[in-house]
1. Which residues, taken from the range 48-107, are among the β-branched types (Val, Ile, Thr), surrounded by 20 or more Cβ atoms within 10 Å (Cβ to Cβ) and within 11 Å of the ligand (Cβ to nearest atom)?
2. Checking the conditions here, which among 52, 76, 45 is under 19 Å from residue 20 (Cβ atoms), small (Gly, Ala, Ser) and in contact with a strand residue (DSSP E or B) (Cβ under 6 Å, 6 or more places away or on another chain)?
3. What single numbered condition from (1) closer than 15 Å to residue 91 by Cβ; (2) surrounded by 13 or more Cβ atoms within 10 Å (Cβ to Cβ) fails to hold for residue 22?
4. Give the number of residues within the range 3-31 that are within 16 Å of the ligand (Cβ to nearest atom) and aromatic (Phe, Trp, Tyr).
5. Could you list all residues from the range 32-47 that are more than 9 Å from the ligand (Cβ to nearest atom) and under 11 Å from the mean Cα position of the chain (by Cα)?
6. Of all residues in the range 29-78, count the ones that are of a type in the set (A, V, I, L, M), touching a residue at least 12 places away in the same chain (Cβ under 8 Å) and not in a strand (DSSP E or B).
Amino acid sequence: MSAVHRVELRWRDGRTETIAVRGDETVLDAAGREGVSLPFGCLTGACATCAGQLLAGRVEHRRPPRALKERHLADGYVLLCVAEPRTDCRLRVGSDVQAELVSNPWR
Ligand code: FES
């Protein structure tokens, strides 16, 4: 049986929720199971609607996070529809995180 990790979700307005996420499920799936709604679209790593940013801990993408560029990955952005936790984590979530990915195309 895979390990369960505590994942703290943090919104821009300061709200936080801590959910339990198994190592073989995605953060988005676990949030849905626990009644926490997060934005999503394609569910395949292609659109970035579900983007979050890792503040602490480690996740692995179960499918290639095609919607993220190398610089996004380097800055800790992750796609919650395909991200499985490998440790306890803290993540920024909410639609404003996705907006950051496109707000500065020249960077
Ligand atoms: S929902 Fe489209 S990348 Fe996650």
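We did not get these values from a lab; they are worked out from the coordinates using the rules stated. What you see is a predicted model; the values in this text were computed from it and never measured. Quick reminder, even Gly has a Cβ in these numbers, built from the backbone with ideal geometry, and neighbours come from all protein chains shown.
1. In the first step, residues of the range 48-107 are kept if they are among the β-branched types (Val, Ile, Thr); the result is 49, 59, 78, 82, 87, 93, 97, 102.
From the residues that got through so far, the ones that are surrounded by 20 or more Cβ atoms within 10 Å (Cβ to Cβ) too are 59, 78, 82, 93, 97.
Across the range 48-107, the qualifying residues are 78, 82.
2. Working: 76 fails: under 19 Å from residue 20 (Cβ atoms); 45 fails: under 19 Å from residue 20 (Cβ atoms).
Of the residues listed, the single one that is under 19 Å from residue 20 (Cβ atoms), small (Gly, Ala, Ser) and in contact with a strand residue (DSSP E or B) (Cβ under 6 Å, 6 or more places away or on another chain) is 52.
3. Against the list (1) closer than 15 Å to residue 91 by Cβ; (2) surrounded by 13 or more Cβ atoms within 10 Å (Cβ to Cβ), residue 22 comes up short only on (1).
4. 0
5. Narrowing the range 32-47 to residues more than 9 Å from the ligand (Cβ to nearest atom): 32-38.
Within the range 32-47, 38 is the sole residue that qualifies.
6. We begin by selecting, within the range 29-78, every residue of a type in the set (A, V, I, L, M); these are 30-31, 36, 38, 43, 46, 48, 51, 54-56, 59, 67-68, 73-74, 78.
If we keep only those that are touching a residue at least 12 places away in the same chain (Cβ under 8 Å) as well, we get 30-31, 36, 38, 43, 46, 48, 51, 54-56, 59, 67-68, 78.
Going one step further and asking which of them are not in a strand (DSSP E or B), we end up with 30-31, 36, 38, 43, 46, 48, 67-68.
Going through the range 29-78 one residue at a time, the tally reaches 9.
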